[in-house]
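The values are calculated or read from the model by the stated rules, or taken from the named source; none is laboratory data. As the structure is a prediction and not an experimental result, all values here were calculated from the model. FYI the Cβ positions are ideal-geometry reconstructions off the backbone, even for glycines, and counts take in every protein chain you see.
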Amino acid sequence: MAGHSQFKNIMHRKGSQDKRRAKKFTKLIRELQVAARSGHSDPDMNPALKNAVSAAKSANMPKDNIERAIKRALGDDNSQLLEEIRYEGYGPGGIAIVVETLTDNRNRTASEMRTAFSKHGGSLGETNSVVFQFERIGSIIYLANQAGFEDIFEAALESGATDVNSSETNHEVICVPNELHFIQSKLETAFGPPVQSELQWKPLTTIKLDIGIWERLYKLLELLEYNDDVRSVSANYEMDDSLLKAVEI
């Protein structure tokens with residue numbers, strides 16, 4: 001198992017639950033606002049907004065909060081516009097890292113990214129210095145109790161997906177980016193809304209970590225994940241079962 005999904009699983013078991021919840025809501029509200037500004041205010045006619053609303057509901061964000069965020073984005077002409085900016089660099093052990101951000105102050109965010117990388121043994125690079133080591137994909141996730149493997153595998157391939165990865169807990173449907181919303185709508189007809197649907201950076205190759213590198217890398221990834229401006233963090237590392245068990249203790 002590689003990179004980002006492993007780190008999210010470990011993060012879920014560490015730190016303050018309330019603090020994580022507040023941070024997540026902050027990021028989800030920003031996603032709702034950007035999606036609302038990018039197209040139609042009706043989620044059924046705006047795939048990006050539909051995904052943002054679905055993600056907010058999955059995180060148990062109250063309906064009033066969701067509606068208020070959308071109205072604020074559409075009605076407040078004086079609010080600061082949010083920019084999507086990608087940062088790339090290397091962490092400890094030469095691990096390639098791609099950070100996607102959403103910010104109302106690019107100078108602040110750039111400074112925080114530089115500080116995070118340099119503080120924890122990494123280095124921030126130029127645009128396109130790292131991303132060539134990753135592939136852009138669409139990822140749609142259903143829980144295992146929402147659909148059987150054979151059913152979702154057949155439905156996914158018929159709708160045009162490129163692959164399905166299943167585990168005891170969930171099914172991940174992989175597709176090319178520009179077909180994410182089309183395939184999601186097909187799957188929703190059969191299985192209902194997914195628990196997650198998003199574009200991701202998938203590493204083309206991975207680097208296996210030892211415990212020493214992981215301890216340093218974890219501090220960097222944690223700092224990035226907790227930054228309010230960060231939407232996603234992708235890295236090309238891999239943890240074998242023995243290391244995964246060691247860090248879960």
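Miscellaneous remarks
- Only listed residue being modelled with pLDDT under 90, of a type in the set (S, T, N, Q) and in a helix (DSSP H, G or I), chosen from S185, S197: S185
- Among the candidates A59, A110, A144, the residue that is of a type in the set (A, V, I, L, M, F, W, C), in contact (Cβ under 8 Å) with a residue 12 or more places away in the chain and within 17 Å of K27 (Cα to Cα) is uniquely A59.
- Here the range 37-56 is the region considered, the condition is being of a type in the set (S, T, Y) and assigned to a helix (DSSP H, G or I), and the residue that is nearest to S197 (Cα to Cα) is S54.
- All positions within the range 216-249 that are at pLDDT below 90 and either on the phi > 0 side of the Ramachandran plot or over 17 Å from the mean Cα position of the chain (by Cα) (or both): E238, M239, D240, D241, S242, L243, L244, K245, A246, V247, E248, I249
- Here is the figure for the range 156-179: residues that are out of contact with any helix residue (DSSP H, G or I) (no Cβ under 6 Å at 6 or more places or on another chain), within 19 Å of L143 (Cβ to Cβ) and of a type in the set (A, V, I, L, M) total 2.
- Which listed residue, of G212, G192, G160, is exposed (fewer than 14 other Cβ atoms within 10 Å of the Cβ) and in contact with a Lys or Arg (Cβ under 9 Å, 6 or more places away or on another chain): G160
- Scanning the range 93-134 for residues that are out of contact with any Leu (no Cβ under 8 Å at 6 or more places or on another chain), of a type in the set (S, T, Y) and crowded, with 16+ Cβ neighbours inside 10 Å yields a count of 2.
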